[in-house]
Each structure stands twice: as C-alpha cells, then as structure tokens.
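The values are calculated or read from the model by the stated rules, or taken from the named source; none is laboratory data. Please read all numbers here as calculations on a predicted model, not as lab measurements. Glycine also receives a Cβ, built like all others from the backbone with ideal geometry; neighbour counts cover every protein chain displayed. Just so you know, the surface numbers come from the protein's heavy atoms only, side chains and all, with ligands and any DNA or RNA stripped out. Shrake-Rupley method; radii C 1.70, N 1.55, O 1.52, S 1.80 Å.
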Amino acid sequence: MSLQTVMERLAILADAAKYDASCASSGTTKRDSRDGKGLGSTTEGMGICHAYAPDGRCISLLKLLLTNHCVFDCHYCINRKSSNVRRARFTPQEVVDLTLSFYRRNYIEGLFLSSGIIKSSSHTMEQLIEVARILREEHNFRGYIHLKTIPEADPELVAQAGLWADRVSINVELPTDAGLARLAPDKNSATIEGAMGSLSTAIDEARDSQKRFTKAPRFAPAGQSTQMIVGADGASDAQIVGKASTLYDRFALRRVYYSAFSPIPEASAVLPLKRPPLMREHRLYQSDWLMRFYGFAPHEVQAAADADGMLPLDIDPKLAWALKFRESFPVDVNRAPREALLRVPGLGTKAIDALLAARRYRSIRLEDVARLTVSVKKLRPFIVTADWRPTLLTDRADLRARLAPKAEQMELFG
C-alpha cells in the first residue's frame, strides 16, 4: 500500500464510496481529451459528486472513504473483511490536503467522508472527526461537511461529529432486524437506533440553545439522514415504507435514502444473485415524496402496494393508490381543498398552487390544467373542471391499462 500514489488511492477510495447513496452522484459517460481533441474529462474527476442543498442548490462534494479496510464482514458490502478488493487508506491530513486542493481549484464546495472500520469503531470515528476538526479549526474551512458516523463508536465521539459537520448520517443498513442480523452480524439495530436517537436529541438541544443564546455552538445544522439497502434481505416495499416512516417520526430525519442492492464480486451465497430493478428504488423514492410533501399517511402508501407488499413498477404509487380508491374521485379542481388536489395523479405541488391561485379569479377549464401538467390524459379520469366531467371513465375496468405506459422493447445495443 505504501507504494500507492495519492491518485491511485483516490481512485480506490472514491470508487469504494460510490455505494453510499446519501448524496446522489451524477452519472455520465466516459470521455477525455487525451487525444488532443476537445477540452476536459469525465474519467479523471474521481471523488466528485453532486448533492442538493435544502434550498435546491446543486453543490459539488469530494466524496470518498478514509479507508476501505474494514474489520466488519457485512455480506452485502464490497469492502467487507473477507472481500478480495484492492485496499487503500488516507491519513486525516491527506484528506484535508485533498479537500483544500480541490476546493481552491473550485472543483468542490464540500466534503462527504465515510470509512471502513479500522482497529475499532471509536478509533475510526476519531480519525473522521480529526479531518473535520482540522478543516474547521486550523483552516477555517466554511464549506459543507457531511460525516458518516459509526454507531458502534463511543457516544461522545459520535456527538463530537455534529460539532464540526453540517450533516451527520448513520446507515440503518437494512429495513428489517432479521435481515440485519443475518447479513451484518457485527451490527444490531438497537445500537444503530440508539445512536440516531442521541444525535436527534443533540440536534434539538442545539437548535433550542441557539434560540436563547446567540453564541451557542451549532450542531449538525443540516440535520441527519440515513440509508437503507433495498433488495438484499427480501423485505417488501410495504415493510420498507413502514420502516422509513418510523425513522422519520422517531429521529426527525431530513432524508431516508434507498440504495438498490448491487451484486458484488465473490458475493456471499446468502445474497440474491440478481439486483432488484432500479425502478423499484425509484418507486420507493416516489412513495417517500408522497409522505413528505403530499400528505399521504404511511398506511395509505402501503395500501397502494400489491398483495405481496410490492409497489407496482409500471405505474407510480400515487396512480396506484388512485386506481385502488376510486371512490375518492373525481376531484373538482374549482372547489376541492388543497389536500384533495394533492391526491390527483399527475398534479404536482407547484401545479396545485397555480390552480389555487388562478381559481380565485376565474373558473378552471381542462385546457388550463393541461398547461400545468406534462400530460392531461393521466388526470382526466380523476378531475372535474368547468368544461369536463369524466362520467363513467373513472370506473372503467380497463382504466389501469389505458393509463399505464406502454411496454417498450429494450434495445440490444446502444
């Protein structure tokens, strides 16, 4: 390892960090300008990903692991102890130097740092905190810092992370306790949720202190988030939705991220051979959106699932719910409250706000709704306007088939 250059270690540790979905990486095709044609490269920028701030700004982060050595042996993790991957490690000072170097070149606006477990959980946590401390205290770094915290570490160390980082996160790993016990024998849900509870309490106390004392120390002002692996332990979408809802309620999380299980080289025999469809991950994010911004209760989202507890892949959860509960429709866009409009498939929050503003001055017609949506076809069975009423359309037996996207043959090449 001592012969590895910084670039080689950066390539290893940035690649190892790509499985962490707590900040979304932007995908792209590989291009470079080594042939002398053109300018720029998408192949040498390892470690840089994009995340979105609460106000919608896109920020670039240096995303990497401190090390991919690990004493844990989680079956689903490519960096597990028994994995035969190339290993690398940075010192805290090297991560600081990289961060400052990238920042001064205007490549990034912050750092996302996680790590495998070396020596012990507390020792690793100390190393992660040291990176953030040096950046903040010695270099007055004011960029964004997101630290992955290790629930098995000393609670005082986990608490220190919040003093330096903007956001902290702890992975719950899997949606069920049984799945965690089977696939991550070194971890347990009580320890993970205990650490999340402590962070939640510290965040609340810091916010309260800042209201009363102007110089009260800040603590993870961007809150905490978590990540769940989907498709590794056989949990249904209904179980995952229920787990996410519980985590939001108990720990006031800013986000629950989902990561579709991806088969890894030399995988354990207890893991599925195939990865779940990426569309499943997308449907779970849509269900998350319904609970956070559309007023759906968890049991309502779960009711949109099929008998096996899985959300349909061919239609979004909001449409699936509307097709199951047709007695709630049609909704009169000229009279219905905002809560009822939020249930209409195809109507987003911005379109609803525009409709509510417009109907104060005139009656809404179907063409008005069409201007605010991608396709009015999806809405027609579920709304009433000044010039449109669906009559029997809402109750048609073939309504799902009429609204579901047509299946397309995938291209073999390209």
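Structure notes:
- 11 Å beta-carbon shell around residue 160, net charge (K/R +1, D/E -1): -3
- Proximal charge balance of residue 358 [Cβ under 13 Å; K/R count +1, D/E count -1]: +3
- Cα centroids of region 335-384 and region 157-188: 41 Å apart.
- Estimated FRET transfer efficiency (residue 136, residue 246; beta-carbon r; R0 25 Å; 0.05): 0.15
- Lys, Arg +1 and Asp, Glu -1 on Cβ, resulting dipole of the chain about Cα centre, debye, nearest 20: 1320 debye
- Of the two radii for the chain, the radius of gyration is 1.01 times the Kirkwood radius, both from the alpha carbons; that is the Rg over Rh value.
- Taking 18, 350, 63 as the candidate residues, the one with maximal mean-square fluctuation in a Gaussian network model of the chain, Cα springs under 10 Å, is 350.
- Remark: relative contact order (region 145-191) = 36 percent; criterion is Cα-Cα distance under 8 angstrom and separation of 6 or more residues.
- Apportionment of accessible area to carbon and sulfur, region 157-296, percent (1.4 Å): 54 percent
- Measuring against 22 Å, Cα to Cα, the residue pairs 318/350; 148/211; 63/318; 243/406 contain 148/211; 63/318; 243/406 as the ones spanning a longer distance.
- Separation of the residue 361 and residue 297 label points, Cα + 7 Å toward Cβ, nm: 3.8 nm
- Farthest toward positive dipole pole in the chain [+1 Lys/Arg, -1 Asp/Glu at C-beta], among 313, 323, 241: 323
- In a fully extended conformation the segment linking residue 307 and residue 374 would gain 21.1 nm over its present Cα-Cα distance, using 0.36 nm per residue.
- R0 of 56 Å, Cβ-Cβ distance residue 314-residue 215: FRET efficiency to nearest 0.05: 0.50
- Between 106, 188, 79, the residue with the greatest mean-square fluctuation in the GNM of the chain (Cα pairs under 10 Å linked by springs) is 106.
- Where only DSSP H runs of four or more residues are counted, the chain gives -11000 deg cm²/dmol as its mean residue ellipticity at 222 nm, each run worth -39500 (n - 2.57).
- Candidates 146, 75, 299: whichever shows maximal mean-square fluctuation once the chain is modelled as a Gaussian network with Cα springs under 10 Å: 299
- Whole-Å distance, taken between Cα centres, linking region 231-307 and region 106-149: 28 Å
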